[in-house]
Amino acid sequence: MYRRPGADTVRVRRDVEWKVTDSDSLTLDLYTPFTPNRGARIPAVIFVSGYPDPGFRTVFGCRFKDVGQYVSWAQLTAAFGIAAITYTNREPADVHALIQYVRERGASLGIDGNRLGIFGCSGNGPTALSVLRSAASPSVKCAVLCYALTLDADGSTVVADAAKAFGFLDACARKSVDDLPPALPLFIARAGRDEISHLNESLDRFVAKALARNLPITFVNHAEGPHAFDVADDSESSRDIIRLILAFLRRHLLV
């Protein structure tokens, strides 16, 4: 729902092998600005998948990293001067190994593996949150959660039930907001008319608990927005929020 001139002409290195398994290899696509900053390493945003690719391909006929939504977000991010990474996995937890790879091999990729942003939307939210509380978190400088499932609290089973229904990993089962790093900037976008049952109820509880801990949250509510408003709602409100997300990433990564 938002395009920037040059987004279609960013540089893309496709299917860079980052891990070899017994049955296949896992790859990533790296999107970088068309005109790099004189060879300087640039920060990167990792678009997190909460779904195992083998199952995802069976249902949707493509790999997660090839979905148009993530290709467009990656192009747009690169057009704003930040590298973007989409990837294949065997299991959602592979993202932790991916981050370790990026940290160790950043120089060969032309990126700064110690300046990473995390992006998780919808059912990818729990896996994105699991990255923030992992050993890799010192390299992660900010995160975006967009109309995301997060984690269950106060006896709720909203996230667990959605994980069973939609097939994503409930990576924060039995975890709480207290497990999140206290100083990591977090951008949360809410879709006011989200159709996913009880998603906003769960998200509102998460935000309230994060505020109670005084975590550094930037919160925006798209009052009329449906789930996946960034690809489904052709409105200025959707475009405004996309711009805010990009500005947030630039502010915390391009330093």
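The values are calculated or read from the model by the stated rules, or taken from the named source; none is laboratory data. Here the structure is a predicted model, which means the values were calculated and not measured. Note that we place each Cβ from the backbone using ideal geometry, even for glycine, and neighbour counts take in every protein chain shown. Only protein heavy atoms, including side chains, enter the accessible area calculation; ligands, DNA and RNA are left aside. Shrake-Rupley method; radii C 1.70, N 1.55, O 1.52, S 1.80 Å.
Hey, can you tell me all the residues within segment 106-115 that are buried (at least 19 other Cβ atoms within 10 Å of the Cβ), among the hydrophobic types (A, V, I, L, M, F, W, C) and part of a helix (DSSP H, G or I)? Outline the logic, then answer.
In the first step, residues of segment 106-115 are kept if they are buried (at least 19 other Cβ atoms within 10 Å of the Cβ); the result is 106, 109, 111-113, 115.
From what is left, the residues that are among the hydrophobic types (A, V, I, L, M, F, W, C) are 109, 111.
Scanning segment 106-115 gives a single hit, Leu109.
Give the residue that is farthest from the chain's Cα centre (by Cα), with candidates limited to residues of segment 90-105 that are crowded, with 22+ Cβ neighbours inside 10 Å and among the aliphatic types (A, V, I, L, M). Even if it seems obvious, please write down each step before you answer.
Start the filter on segment 90-105 by keeping residues that are crowded, with 22+ Cβ neighbours inside 10 Å, which leaves 92, 95, 98-99, 102.
Adding the requirement that they be among the aliphatic types (A, V, I, L, M) leaves 95, 98-99, 102.
Details: Val95: 11, Leu98: 13, Ile99: 13, Val102: 15 Å.
Among those that are crowded, with 22+ Cβ neighbours inside 10 Å and among the aliphatic types (A, V, I, L, M), it is Val102.
Condition check ((1) under 20 Å from Leu253 (Cα atoms); (2) hydrophobic (A, V, I, L, M, F, W, C)) across all residues:
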{"position": "Arg14", "(1), (2)": "no, no"}
{"position": "Thr21", "(1), (2)": "no, no"}
{"position": "Leu26", "(1), (2)": "no, yes"}
{"position": "Val48", "(1), (2)": "yes, yes"}
{"position": "Tyr51", "(1), (2)": "no, no"}
{"position": "Val67", "(1), (2)": "no, yes"}
{"position": "Leu76", "(1), (2)": "yes, yes"}
{"position": "Ala84", "(1), (2)": "yes, yes"}
{"position": "Ala93", "(1), (2)": "no, yes"}
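Among Ser49, Ser25, which is the only one that is at pLDDT below 95 and open to solvent by less than 80 Å² (accessible area, probe 1.4 Å)? Can you show your working first?
Details: Ser49 fails: at pLDDT below 95.
Of Ser49, Ser25, the one residue that is at pLDDT below 95 and open to solvent by less than 80 Å² (accessible area, probe 1.4 Å) is Ser25.
Could you tell me which numbered condition Asp8 fails, if it satisfies all but one of (1) over 24 Å from Ser238 (Cβ atoms); (2) open to solvent by 70 Å² or more (accessible area, probe 1.4 Å); (3) in a helix (DSSP H, G or I)?
All conditions pass for Asp8, except number (1).
Return only the number of the condition from (1) assigned to a loop (DSSP other than H, G, I, E, B); (2) buried (at least 20 other Cβ atoms within 10 Å of the Cβ) that Gly81 does not satisfy.
Just one mismatch for Gly81, condition (2).
Given segment 128-246, what helices (runs of 4 or more DSSP H) lie entirely inside it while holding 1 or more residues that are of a type in the set (S, T, N, Q)? Full working, then the answer.
On the way: elements: 158-166, 199-212, 229-232.
Here the list reads 199-212.
Name the one entry in Ser197, Ser238 that is more than 24 Å from Val95 (Cβ to Cβ), out of contact with any strand residue (DSSP E or B) (no Cβ under 6 Å at 6 or more places or on another chain) and surrounded by 15 or more Cβ atoms within 10 Å (Cβ to Cβ). Give the derivation first.
Numbers: Ser197 fails: surrounded by 15 or more Cβ atoms within 10 Å (Cβ to Cβ).
None of the other options fit; the residue is Ser238.
Residue by residue through segment 232-255, note down the ones that are of a type in the set (Gly, Ala, Ser) and over 18 Å from Ala143 (Cα atoms).
Ala232, Ser235, Ser237, Ser238
Any residue in segment 116-137 that is over 25 Å from Pro216 (Cα atoms) and either modelled with pLDDT under 95 or open to solvent by less than 10 Å² (accessible area, probe 1.4 Å) (or both)? Spell out the reasoning first.
Of the residues in segment 116-137, the ones over 25 Å from Pro216 (Cα atoms) are none.
For segment 116-137, residues over 25 Å from Pro216 (Cα atoms) and either modelled with pLDDT under 95 or open to solvent by less than 10 Å² (accessible area, probe 1.4 Å) (or both): absent.
From the list Ala153, Ala189, which residue is at pLDDT below 95, open to solvent by less than 40 Å² (accessible area, probe 1.4 Å), touching a helix residue (DSSP H, G or I) at 6+ places or on another chain (Cβ under 9 Å) and not polar (S, T, N, Q)? I'd like the intermediate steps shown before the answer.
Values: Ala189 fails: at pLDDT below 95.
Exactly one residue qualifies, and that residue is Ala153.
Pick out the one residue from Phe56, Phe60, Phe64 that is out of contact with any strand residue (DSSP E or B) (no Cβ under 7 Å at 6 or more places or on another chain), at pLDDT below 95, open to solvent by 40 Å² or more (accessible area, probe 1.4 Å) and not charged (D, E, K, R).
Numbers: Phe56 fails: open to solvent by 40 Å² or more (accessible area, probe 1.4 Å); Phe64 fails: open to solvent by 40 Å² or more (accessible area, probe 1.4 Å).
Being out of contact with any strand residue (DSSP E or B) (no Cβ under 7 Å at 6 or more places or on another chain), at pLDDT below 95, open to solvent by 40 Å² or more (accessible area, probe 1.4 Å) and not charged (D, E, K, R) holds for just one of Phe56, Phe60, Phe64, which is Phe60.
Pairs only if they're at least six apart or on different chains, beta carbon under 9 angstrom, first in segment 40-51 and under 16 Å from Ala171 (Cβ atoms), second open to solvent by 10 Å² or more (accessible area, probe 1.4 Å) and of a type in the set (A, V, I, L, M); list them, first residue then second.
Listed pairs, sorted by first residue: Gly50/Ala163; Gly50/Leu169; Gly50/Ala171; Tyr51/Val59; Tyr51/Leu169.
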